[in-house]
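To start, the structure itself, in structure tokens.
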Amino acid sequence: MNLLLLLNGNSKKILDAHNFDLKEFNIVKIDEKKLASPSHIKSLINSGKYEKVYFGTTILDLQRFHFFMKSYFLLNGVKTGAIIDEKGNSSKYSALRLLLLESPFLFFEAIVSITVVIYFYIKLPILKWKLLKKR
Amino acid sequence: MEVIKKALKIMFWRTEFYGGSPEGGTSSLHLGKIRGFNNLGHKCVYVSSGPMDLPDYVKYYYIPYNKLLRNFPEVLSLPYNGKSIREIKKIIDIEKPDFIYQHHHDFHYGGAVLKKKYGIPYVLHVDGVEIWIKANWGKLYFKNLLKWAEEIQIDYSDAIVVPSQTLADLVVEIVGCKREKIFVAPNGVDTEQFHPGIKGELVREKLSLKDKIICGFTGTFGHWHGVEVLAKAMKYVIKEVPNAVFLFVGDGMLRSNIDTIAKEDNVDKNLIITGFLPIGVIPEYVAACDVVVSPCVNNDDGRFFNSPVKLFEYMAMEKPIVATNVGQQGEVIIDDYNGLSCEEKNPEVLAHQIIRLIKDKDLANRLSRQARLDSIEKHHWKYNSQIIIDAYEYGLKNRT
């Protein structure tokens, strides 16, 4: 049995796009906000003996939090997993790739994020002063 | 209603990151307003951060979010300001709109910058005060950044359009802008798209519900929609009407709660949740229903600031409606006149009203006919769109 954690989109469309058999899947709808809850995701993944675990979405390119979804695969001992969408696209999980390639990239993203936040903490009060001072 | 003499070109601007789904309340809202403008003889250009299904007469521009910064919440919205402002300036040079109608969203302040730099008027559509929404319904990581962006956007706008009086008061209370520049435009419905001539037989066949009594709800399963109350009402209705089925057309964060309640009450076999569907098929699904429900609830602070689009759609479809008497719903649905009203958060009372409409066909027909009449006379999107034009005119006269 396999597990499809459906973030958004149509589960039948997603499974058809990947030539998966609906009967081989347990489909659980989850809200994207629940991705911030590791214990919740863990309980879903461990709720049954699943050969493969997938996160389903409408469009892969417009789905956030890829790294964290794949981290859940790693942390919960999932061997075969992927993020899949209605168009037949997939981002496959590989523990090696996650650790050696995607983790350093996440670190880079974190540095950029911190820089962006600092930049806007400086920019926005100045902009607010410029725009609203005469009003 | 006075129609503006000159045909305007309005640029709709949608900025939030909404992923790959063009369905949902905001899309429905925008489509309605666009049709309203079209009805009044104005043109629209649509600039968006994601995909949209639009009528052929609307020109569409897509400004995607950067692929970086997708793994951390909130951060990705900040640099999108710069990117979208640069791109939209090019679009403005091509399209030369009379004004921008921007849907207010967290961390976005582009309308203010465009007005400052290029003098383009902008009217801000506010569905909620973002700092309130994040504090009450979500998680907020960068409170000051959100607060500053929101103050800039709201205070610098030429005019603001909100769907309810309650929200107008909230905007003034939290952000502190001038009340006179806020225009209240309740949501509406396209009574040509939603009408009683649409049949639901194909939907009934598709869902194998041919001989069932269908109680329907359409929309996103958010905090204020009251979907959990409706789920709890199911068992009372099914006890009286065993062949009743509850059809939830939509999706959202409370979906798993609905499933859990239905399982606990042993009525999960009488529940169908369709997930998000293309906006174009919604009328057929409403048509398939015998009774439709809008069980909205007040927020924890006792206020209800929304204007449920589904309510007007139900009315236009000439369906028997049960609606809770919260906020604007209590003003639109008058008990025993154009629907049945009831108190919020009370599943038994909600169920009682649903059962009344199922069992009394004369009552159901009388109320639904009046609902349709009211939708045509008072709630067509063109009335909403005209208020936006009024807001724009106010903005022109009072520019600072």
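The values are calculated or read from the model by the stated rules, or taken from the named source; none is laboratory data. Remember, predicted model here, so these are calculated numbers, not experimental data. Cβ sites come from the backbone with ideal geometry, for glycine too, and all protein chains shown count toward neighbours. Note: areas computed on protein heavy atoms with side chains; ligands, DNA, RNA excluded. Shrake-Rupley method; radii C 1.70, N 1.55, O 1.52, S 1.80 Å.
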Nearest-20 debye value, chain A charge dipole, Cβ charges on Lys, Arg, Asp, Glu: 860 debye
Cα gyration tensor, the stretch B:172-216 - rounded (a/c under 1.5), prolate or oblate: prolate
Could you list the square roots of 5 times each eigenvalue of the Cα gyration tensor of the stretch B:122-244, that is, the equivalent ellipsoid semi-axes, sorted largest first and rounded to whole Å? 40, 20, 12
Which of B:ILE376, B:ILE160, B:ILE272 moves most in a GNM of chain B, Cα contacts under 10 Å? B:ILE272
Using a 1.4 Å probe and ignoring any ligands, DNA or RNA, find the accessible area of B:ARG204 and quote it in Å² to the nearest 10. 30 Å²
Across peptide A:60-71, how many C-beta atoms of other chains are within 10 Å of each residue C-beta, on average? 4
Over the Cα atoms of the stretch A:46-135, what Rg and Dmax result, in angstrom? 19.3, 65
For the protein assembly as shown, what is the calculated [θ] at 222 nm in deg cm²/dmol (nearest 500), taking -39500 (n - 2.57) for each run of four or more DSSP H residues and dividing by its residue count? -13500 deg cm²/dmol
Using square roots of five times the C-alpha gyration tensor eigenvalues, list the equivalent-ellipsoid semi-axes of the stretch B:15-79 in whole Å, biggest first. 27, 11, 9
Quick check: with the 1.4 Å probe, what order do B:TYR101, B:TYR337, B:TYR394 take by accessible area, largest first? B:TYR337, B:TYR394, B:TYR101
Any chance you could check the Cα centroid distance between the stretch A:1-53 and the stretch A:103-135 for me, in angstrom? 36 Å
Using only alpha carbons, build the gyration tensor for the stretch B:28-167 and give me the equivalent ellipsoid semi-axes, biggest first, whole Å. 24, 18, 16
Average the reciprocal distances over every distinct pair of alpha-carbons in chain B, invert the result, and give the Kirkwood radius in Å. 21.8 Å
Within the stretch B:304-400, count lysine pairs with alpha carbon atoms under 17 angstrom apart where the residues are 8 or more positions apart or belong to different chains. 6
Magnitude of the charge dipole, the stretch B:48-98, Cβ model with Lys/Arg +1 and Asp/Glu -1, debye to 20: 300 debye
Dipole-positive endmost among A:PHE73, A:SER94, A:ILE114 within chain A (Cβ charges, Cα centre): A:ILE114
Within straight cross-link reach of B:LYS178, meaning Cα distance under 15 Å, which aspartates and glutamates are found once same-chain residues fewer than 8 apart are removed? B:GLU150, B:GLU151, B:ASP155, B:ASP158, B:ASP169
For chain B: relative contact order, % (alpha-carbon pairs under 8 angstrom, 6 or more apart): 18 percent
From the square roots a ≥ b ≥ c of the eigenvalues of the alpha-carbon gyration tensor of the protein assembly as shown, which class results: rounded (a/c under 1.5), prolate (a/b over b/c), or oblate? oblate
Among rounded, prolate and oblate, which fits the stretch B:237-368 when a ≥ b ≥ c are the square roots of the eigenvalues of its C-alpha gyration tensor, a/c under 1.5 means rounded, and a/b larger than b/c means prolate? rounded
Sort A:ILE111, B:ILE182 by accessible area with a 1.4 Å probe, largest first. A:ILE111, B:ILE182
Using only Cα atoms, find the angle between the long axis of helix B:25-39 and the longest principal axis of chain B, and express it within 0 to 90 degrees, rounded to the nearest 10. 70 degrees
